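Student: Below you'll find the structure I mean.
Where a number appears in this text, it was derived from the coordinates with a stated rule and is not lab data. Because the structure is a prediction, the values reported are computed rather than measured. Cβ coordinates were reconstructed from backbone atoms using ideal geometry, including for glycine residues, and neighbour counts include every protein chain displayed.
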Number of protein chains: 4
Amino acid sequence: MMKKSDTVAILLLSCADRPGLVSRISHFIYERGGNILDLDEHVDPVEKTFFIRVSWSTENFSIPPSELVEAFMPLAKEFNAIWKIRFTGRKTRIAIFVSRYDHCLQEILWRNSIGEFAIDIALIISNHPDLAPLAEHHGIPYHCFPVSSASKQEIELQERELLEKHSIDTIVLARYMQILSSQFVDRYPGQIINIHHSFLPAFVGSSPYRQAYERGVKIIGATSHYVTEELDQGPIIEQDIVRVSHKDTLDDLVRKGRDLERLVLAQALRLHSEHRILVNGKKTVVFD
Amino acid sequence: MMKKSDTVAILLLSCADRPGLVSRISHFIYERGGNILDLDEHVDPVEKTFFIRVSWSTENFSIPPSELVEAFMPLAKEFNAIWKIRFTGRKTRIAIFVSRYDHCLQEILWRNSIGEFAIDIALIISNHPDLAPLAEHHGIPYHCFPVSSASKQEIELQERELLEKHSIDTIVLARYMQILSSQFVDRYPGQIINIHHSFLPAFVGSSPYRQAYERGVKIIGATSHYVTEELDQGPIIEQDIVRVSHKDTLDDLVRKGRDLERLVLAQALRLHSEHRILVNGKKTVVFD
Amino acid sequence: MMKKSDTVAILLLSCADRPGLVSRISHFIYERGGNILDLDEHVDPVEKTFFIRVSWSTENFSIPPSELVEAFMPLAKEFNAIWKIRFTGRKTRIAIFVSRYDHCLQEILWRNSIGEFAIDIALIISNHPDLAPLAEHHGIPYHCFPVSSASKQEIELQERELLEKHSIDTIVLARYMQILSSQFVDRYPGQIINIHHSFLPAFVGSSPYRQAYERGVKIIGATSHYVTEELDQGPIIEQDIVRVSHKDTLDDLVRKGRDLERLVLAQALRLHSEHRILVNGKKTVVFD
Amino acid sequence: MMKKSDTVAILLLSCADRPGLVSRISHFIYERGGNILDLDEHVDPVEKTFFIRVSWSTENFSIPPSELVEAFMPLAKEFNAIWKIRFTGRKTRIAIFVSRYDHCLQEILWRNSIGEFAIDIALIISNHPDLAPLAEHHGIPYHCFPVSSASKQEIELQERELLEKHSIDTIVLARYMQILSSQFVDRYPGQIINIHHSFLPAFVGSSPYRQAYERGVKIIGATSHYVTEELDQGPIIEQDIVRVSHKDTLDDLVRKGRDLERLVLAQALRLHSEHRILVNGKKTVVFD
């Protein structure tokens, strides 16, 4: 864990593999006075794709943050890479979408309050008023947009305006019970994190606990994934499971699953906000 | 754990719930001199179904094993129960079906060799000769029936004859790569244990590791279930999972999954052979 | 899980084993109109001790709750049993002791707010004022007693008065950083639940995360136990663990451990408040 | 996972941190035609120590394996590093020490037989004849040295001769019930892998399952570590745990723990033989 006060630069990059990539990248950092703190590099032996996450101290770095992207651009172009650079000094700006269940929101707000996340929670958006008091307790603006099928399109526009206005990087769907339109989703590729209450791909769609109960599984799970156009099909970030038995009623599954949901979503948000995730087609590469 | 030498009677029973069931059953045991060692009873609060597993020492029991079923019959009829009585002195007789993979067979034979199971492994049946040396090392008869689509019906008849001849109670499919006919399956209801290499109901059918690899899941699993006519749809006995990451190739998934498969199948066989499982429609009740 | 509205009676009992115990107890319930919902009985094969937890619906029970203890007394005396009877209609009354860390308190208050526990949290006692706002948010009285070595004895007396006045059944030490005197502990045998931030018996005493960090363990744990006179030696209720690696600093251990602490303590409190725990000498019997 | 046929070089290195280490090392590899396949680097933020594991394909590498150590020496000296270089084409040569329990030996031999390990098991040494047939089944030479306190010193000399003669790199104590002398241990620093049947540091010394049973823990564990002079105090490689309950007798703990022991030891051996472990004082750095 980094000291909160440090400014650390983080590069996430993937491209077709070829010799010299690590050497070139690490030399780029070294010759500008950066000291690498953590580097994780991996070549997929089947696809021959190169993945790297490297973080370095910018204490003696000769390039200011504002010019780093431009400075790295030639190398990235040469590698034909998918890449981004982030700084720990610039926190990810988050909007949380909720409906009525409080457990995921509660978890994120509490963790944030004790400094676990490197995020700024700019606002909370809901289609119900229920969780406004919780938002208020944590001093986060709460916007309530009651959605109907008639109003959905119009409301999404208002929501998007709000998100733009607050320069939101990442949207967290903390058990938000509405399906976002594909226009909305397309605007935030790899930036919308959802929590689904099953071990995907089992039990997609609605009522996964009921589906699990009726199938008689001995473990239930939760899955956090990036949202794409196809429901519950986006790249998986994190999953976890818990054992259940014949003594567990549907209510018990909901109770046990609640703990999974909030922990898995919190972990996914932590990984995302620490810039540990590269989306690679339908999958993620998680550097943890 | 019981001392191996004891003879213990075990009753598994389910019926519609009504007052007095535990009292009647425990009194039946008590008045005949049995001492209850372990009793687990549960009423499903939704279906109002009563489930019980009770084991008792027959050291001073007034009814010999051979007459117990008849003695208990009136009570069972009054309750309109599904039930069975077993004795630890009478080991479950097992046939193991295998193909080429040795890990599940190896695991079961080794565990049996150190006394972990209350089973007699009467024979091993395979559609390949590969595992004959392993069977021989453990002194278990090995029957090889190379199956083709043309010969399948005829071979199943030969296999069933063999199973009858050896008074087989339970068939373990230890990564047996053939699908049994429904006639075969119907003959052994709740007596054929399979291991499927995924956390069902995710990834039914063939190549579940490839399916898991392509979906990019962060956990893979294995599921042991009773075989029914529908492929991979039978009542689930036991499941377990292991974490995987983007660094794991398909071969790594196979390697990690292999450990799950053999442990989950062994655990399912242990539960089954200790008479800890009641099949309840499409689910199991597992008294562990 | 029981419907919250039902009144269910729960008997926890242990005694030396002998034939007929289940029969006698279940008959006692049956002949008074009780319908058993869940019964778990076990005989320790080494110590020959009998343990039972049985719950029954009192819907048609002929004895009112206020007279049940007296009615069962003769049987209990005959068995020379350790026992108690509880009713789901009578919630366990809880006092929570905290210092400065909020995670365990936060977890318990939140779970209680969504109805997960069958408890009444009557008051919170602390040696610091820090968590008063959290208590206030949940509407629970908060009493601050700054403890010094000089004032300790006097303050414990005041605390005990407060506990008596509120008819407290159970005290939860939610990361309370003071050691209670043996007089205090003796007054609440099997009624004080602590959370220790290691997998006991490893790392007793102070700074367990530092101890774990310095030893280089690959898993860390948390343990909830009943408090006895000997520090960290009381009967263990629940434990859980999480993996750590060389990349985890001491701060990371604290962060990961925090999740364990609150989940393990919450689980212990749930088991305790649902009357699922029998203390058996230096161990617990947990019927889950 | 690498294809078995490839020859891959692996560098493990630690030294005091300073800027440029990754750049220098990766450039060394690149300019000689190596293509990095996997690189994991980490700086301990407290001790300011640099740790790296890097593997590269030597397909087009200009330096033959036999000259690589010498070629890298100047860099290593400049960094004042602790380091080693290994090649996947040169398998680790293993001696396994056993006593009477077969489970760990069985596990290692079986995994090796299906190609899971990059090792050559050169010989098995035991103080009992019991496991000779198992060794024979796998075609591994078995040497029986019945140890007494009188003969111990003399026998260790014979054993060491045998180990030298077979150029043994690594010794696996697969539940070997003798304590090796410090002279013996000193000869193989970071090369003797032991399995201890508890989650260390809980329950050091003898009868850990009995200690766990008597303490009433809810989880038991197993720990694989490098052997040092102090009993059970060496750097921990891998640990795992399993849940137990009041229903588990001491025999059940032994049975459940057996599964842990063999899996944890096998995992430790895999990590060691793939050169994924750096010993760092009293701890290990595991690159997995």
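Student: Between A:181, A:192, A:148, whose Cα lies farthest towards the positive end of the dipole of chain A when Lys and Arg beta carbons carry +1 and Asp and Glu beta carbons carry -1, centred on the Cα centre?
Tutor: A:192
Student: Something else now. Between residue D:245 and the same site in the other copies, what are the distances in nm, shortest first, taking label points 7 Å from Cα along the C-beta direction?
Tutor: Spelled out, the distances from residue D:245's label point are 0.3, 3.4, 3.4 nm.
Student: Treating cross-link reach as a plain straight distance, find the aspartates and glutamates whose alpha-carbon is under 20 Å from the alpha-carbon of residue D:152, omitting any fewer than eight places away in the same chain.
Tutor: Counting by Cα, and skipping residues close in sequence, residue D:152 has these aspartates and glutamates nearby: D:130, D:161, D:164, D:186, D:229, D:230.
Student: Report the charge-dipole magnitude of chain A in Debye, nearest 20, computed about the Cα centre from +1 at each Lys and Arg Cβ and -1 at each Asp and Glu Cβ. Don't skip to the answer; put the middle values down first.
Tutor: Numbers: 33 positive and 38 negative charges, 68 e Å.
That gives a dipole near 320 debye.
Student: Starting from one equal scatterer on each C-alpha and no solvent at all, send me the Debye-based log10 I(q)/I(0) for the protein assembly as shown at q = 0.04, 0.08 Å⁻¹, two decimals.
Tutor: Debye output, listed in q order: -0.23, -0.99.
Student: Quick one: which of C:165/C:282; A:282/D:282; C:247/D:256 span more than 32 angstrom between C-alpha atoms?
Tutor: Numbers: C:165/C:282 30 Å; A:282/D:282 42 Å; C:247/D:256 30 Å.
As for pairs spanning more than 32 Å Cα to Cα, those are A:282/D:282.
Student: What is the mean number of Cβ atoms from other protein chains located within 10 Å of the Cβ atom of each residue in peptide C:276-284, rounded to a whole number?
Tutor: 2
Student: Where nothing but the Cβ of Lys and Arg (+1) and of Asp and Glu (-1) is charged, how large is the charge dipole of the range B:187-244 around its Cα centre, in debye to the nearest 20?
Tutor: Numbers: 5 positive and 6 negative charges, 47 e Å.
Using Cβ point charges on Lys, Arg, Asp and Glu, the range B:187-244 gives about 220 debye.
Student: Right, something else. Could you please point out the chain C residue with its Cβ nearest to the axis of the rotation taking chain C onto chain D, and the distance in whole angstrom?
Tutor: C:202, 2
Student: If you average the sequence gap of Cα pairs under 8 Å that are 6 or more apart and divide by the length of chain B, what percent do you get for the contact order?
Tutor: Rounded, it is 16 percent for chain B.
Student: Under the rule a/c < 1.5 gives rounded, and otherwise a/b versus b/c splits prolate from oblate, where does the range C:92-286 land using the Cα gyration tensor?
Tutor: It comes out rounded by the Cα gyration axes.
Student: When you look at the Cβ of every residue in B:262-270, what mean number of other chain Cβ atoms sits within 10 Å?
Tutor: Partner Cβ neighbours, averaged per residue: 1.
Student: Would you work out which of D:52, D:95, D:64 lies farthest towards the positive end of the dipole of chain D, given +1 charges on the beta-carbon of Lys and Arg and -1 on that of Asp and Glu, about the Cα centre?
Tutor: D:52
Student: Within a Cβ distance under 13 Å of residue B:282, other residues only, what is the Lys/Arg minus Asp/Glu net charge?
Tutor: Once positives and negatives cancel, what remains is -3.
Student: Excluding residue B:178 itself, what net charge comes from residues whose Cβ is under 13 Å from its Cβ, given Lys and Arg +1 and Asp and Glu -1?
Tutor: Neighbour charge sum, excluding residue B:178 itself: +1.
Student: Under the convention of a label 7 Å out along Cα→Cβ, give the distances in nm from residue A:75 to the same position in every other copy, shortest first.
Tutor: 1.7, 7.7, 7.8
Student: Roughly what % antiparallel, to the nearest 5, for the DSSP beta bridges in the range B:41-186?
Tutor: 20 percent
Student: Also, quick follow-up: May I ask for the distance between the Cα centers of the range B:179-249 and the range A:184-241, given as a whole number of Å?
Tutor: Result: 20 Å between the Cα centres.
Student: List the distances, in nm to one decimal, from the label point of residue D:129 to the label points of the same position in every other copy, shortest first, placing each label point 7 Å from Cα along the Cα-to-Cβ direction.
Tutor: Those label-point separations list as 3.5, 8.1, 8.8 nm.
Student: Given the range C:1-149, what count of lysine pairs have C-alpha atoms under 27 Å apart, with each pair 8 or more places apart or on different chains?
Tutor: 7
Student: Let me have the 222 nm mean residue ellipticity of chain D computed from DSSP H runs of 4+ only, each contributing -39500 (n - 2.57), with the sum over all residues rounded to the nearest 500.
Tutor: My calculation for chain D gives -10000 deg cm²/dmol from helical runs alone.
Student: Over the range D:8-87, what is the relative contact order in whole percent, taking alpha-carbon pairs under 8 Å and six or more residues apart?
Tutor: Worked out over the range D:8-87, it gives 45 percent.
Student: Only bridges whose two residues both fall in the protein assembly as shown count here: according to DSSP, what percent of them are antiparallel, nearest 5?
Tutor: Restricted to the protein assembly as shown, the bridges split so that about 70 percent are antiparallel.
Student: Follow-up. When you count, for each residue, the other Cβ atoms within 10 Å and take the mean per peptide, how do B:176-183, A:257-264, A:7-14 rank with the highest first?
Tutor: Ranked by mean Cβ neighbours within 10 Å, highest first: A:257-264, A:7-14, B:176-183.
Student: Residues of A:107-113, mean number of Cβ from any other protein chain within 10 Å of their own Cβ, rounded to a whole number?
Tutor: What the average comes to for A:107-113 is 2.
Student: What residue among B:20, B:190, B:115 shows peak mean-square fluctuation when chain B is described by a Gaussian network model with Cα springs under 10 Å?
Tutor: Result: B:20 has the largest fluctuation of those listed.
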